[in-house]
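Enquirer: One structure, pasted below without further comment.
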Ligand SMILES: [Zn+2]
């Protein structure tokens with residue numbers, strides 16, 4: 001395992017005021033920065049969580065994310081940035097990534113030129129960024145991603161399950177996993193919300209005002225950032241500064257270090273597809289793409305989301321099909337197309353599913369459907385976009 005962090009020299013003051021210099025390994029330095037980040041949190045861990053004990057394989061705490069990421073051998077772990085509170089942002093790479101240097105042009109410029117390859121290059125494989133845990137109170141995506149990493153490392157996930165089809169598909173792509181985008185929110189959230197009531201769920205996710213009222217889902221978006229001095233607890237939705245990373249999408253005024261780190265990664269590797277992982281209290285589904293995008297992306301996104309939702313119905317994880325029509329949302333996904341020309345889609349897992357397995361299973365299905373489809377037709381056909 002290699003990790004791109006410079007070793008740091010730590011000065012330790014002993015009882016006799018003698019400074020000893022002790023060199024830490026990059027892994028030790030990363031774990032130390034993670035422990036320090038807990039000290040920077042303004043709010044304690046929320047009291048709102050499900051009562052059932054979590055299964056052993058349900059790993060989702062910041063230190064568990066770090067353990068799995070730092071332990072990879074087939075993949076490569078990189079810390080791509082720090083959260084507002086100072087938690088390391090882990091990325092795990094699978095595949096050959098030798099084109100991380102500065103590119104001759106940007107997507108914005110080259111897509112307006114006669115040669116978009118001046119930015120995109122001619123990659124042999126499509127590049128997928130699989131990001132989960134945008135909202136810290138939604139641990140399901142984090143658990144699913146850590147299980148996927150374990151699957152790639154050992155042939156079996158943390159439950160001992162194998163997914164032969166995925167093991168065959170994934171090496172045909174370059175994949176970067178970001179298991180937990182919002183480590184700040186994760187650190188102050190419980191491990192799951194199964195069996196909670198609606199009010200508890202809201203408070204755990206979007207937070208609680210000082211007078212005890214839950215902050216409603218849409219109401220939370222009236223603020224950017226959430227006014228932290230007016231809340232009893234901010235829930236796991238925002239980062240430590242109160243910003244909802246999912247809506248940190250104002251060009252020229254990106255507020256969060258998490259969004260900045262992801263955008264840099266998307267640009268650096270010319271991501272073709274960005275998976276944006278979430279959970280809610282309803283049945284799992286792939287959210288339709290926003291109409292604010294290239295027409296070709298809207299069509300491809302609709303087709304992919306519809307195919308995923310059909311497979312979720314087939315698997316008995318939901319009953320009806322969501323309407324196949326674009327949304328009008330502006331969020332982080334909107335920036336992906338502007339940054340790399342890639343397509344981005346978000347999903348929702350079900351935090352209230354009957355079993356812990358059912359809470360994460362949709363992400364394995366989504367990965368399979370998307371990769372299968374990508375082999376038939378590019379996820380982001382650059383030549384079609386610039387035509
Ligand atoms: Zn969410």
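Enquirer: Looking at (1) part of a loop (DSSP other than H, G, I, E, B); (2) surrounded by fewer than 18 Cβ atoms within 10 Å (Cβ to Cβ), which is the one condition that is false for residue 38?
Expert: Failed condition: (1).
Enquirer: So, one more: From (1) in contact with a strand residue (DSSP E or B) (Cβ under 8 Å, 6 or more places away or on another chain); (2) closer than 27 Å to residue 50 by Cα, pick out the condition that doesn't hold for residue 258.
Expert: So the condition that residue 258 fails would be (2).
Enquirer: Contact list please: Cβ distance under 8 Å, first residue in region 192-209 and more than 21 Å from residue 240 (Cα to Cα) and touching a residue at least 40 places away in the same chain (Cβ under 8 Å), second residue within 16 Å of the ligand (Cβ to nearest atom) and outside any loop (DSSP other than H, G, I, E, B), pairs at least six apart or on different chains.
Expert: Pairs that qualify, where the first residue is more than 21 Å from residue 240 (Cα to Cα) and touching a residue at least 40 places away in the same chain (Cβ under 8 Å) and the partner is within 16 Å of the ligand (Cβ to nearest atom) and outside any loop (DSSP other than H, G, I, E, B), are 194/359; 196/204.
Enquirer: Oh, and also: Can you tell me which of 108, 115, 137, 131 is more than 20 Å from residue 70 (Cβ to Cβ) and within 17 Å of the chain's Cα centre (by Cα)? Break it down into steps so the answer makes sense when it comes.
Expert: On the way: 108 fails: within 17 Å of the chain's Cα centre (by Cα); 115 fails: within 17 Å of the chain's Cα centre (by Cα); 131 fails: more than 20 Å from residue 70 (Cβ to Cβ).
That would be 137, the only listed residue that is more than 20 Å from residue 70 (Cβ to Cβ) and within 17 Å of the chain's Cα centre (by Cα).
Enquirer: Would it be correct to say that residue 57 is in contact (Cβ under 8 Å) with a residue 24 or more places away in the chain and within 16 Å of the ligand (Cβ to nearest atom)?
Expert: no
Enquirer: For region 249-274, which positions are surrounded by fewer than 24 Cβ atoms within 10 Å (Cβ to Cβ) and within 16 Å of the ligand (Cβ to nearest atom)?
Expert: Within region 249-274, 249, 259 qualify.
Enquirer: Can residue 179 be described as modelled with pLDDT of 95 or more, buried (at least 24 other Cβ atoms within 10 Å of the Cβ) and within 27 Å of residue 83 (Cα to Cα)?
Expert: yes
Enquirer: For region 229-256, give me each residue that is in contact (Cβ under 8 Å) with a residue 24 or more places away in the chain and under 12 Å from residue 184 (Cβ atoms).
Expert: Listed by number, the residues that qualify are 234, 235, 236, 237, 238, 239, 240, 241, 243, 244, 245, 256.
Enquirer: Considering every residue within region 325-341, establish whether at least one is at pLDDT 95 or above, in a helix (DSSP H, G or I), in contact with a strand residue (DSSP E or B) (Cβ under 6 Å, 6 or more places away or on another chain) and within 16 Å of the ligand (Cβ to nearest atom).
Expert: Checked region 325-341: at least one residue is at pLDDT 95 or above, in a helix (DSSP H, G or I), in contact with a strand residue (DSSP E or B) (Cβ under 6 Å, 6 or more places away or on another chain) and within 16 Å of the ligand (Cβ to nearest atom).
Each row is one residue, and each column tells you yes or no for (1) free of Cβ contacts under 8 Å to residues at least 40 places away in the same chain; (2) touching a helix residue (DSSP H, G or I) at 6+ places or on another chain (Cβ under 9 Å); (3) surrounded by 20 or more Cβ atoms within 10 Å (Cβ to Cβ).
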| position | (1), (2), (3) |
| --- | --- |
| 279 | no, yes, yes |
| 326 | yes, yes, no |
| 334 | no, no, no |
| 347 | no, yes, yes |
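Enquirer: I need a count of the residues in region 197-219 that are within 16 Å of the ligand (Cβ to nearest atom), touching a strand residue (DSSP E or B) at 6+ places or on another chain (Cβ under 8 Å) and part of a helix (DSSP H, G or I).
Expert: 2
Enquirer: Would you check if residue 238 is crowded, with 24+ Cβ neighbours inside 10 Å, under 21 Å from the mean Cα position of the chain (by Cα) and at pLDDT 95 or above? I'd like the intermediate steps shown before the answer.
Expert: Details: crowded, with 24+ Cβ neighbours inside 10 Å: yes; under 21 Å from the mean Cα position of the chain (by Cα): yes; at pLDDT 95 or above: yes.
Taking the combined requirement at face value, the residue satisfies it.
The values are calculated or read from the model by the stated rules, or taken from the named source; none is laboratory data. Note that the structure is predicted; figures quoted are calculated from it, not measured. Virtual Cβ from ideal backbone geometry, glycine too; neighbours counted across all protein chains shown.
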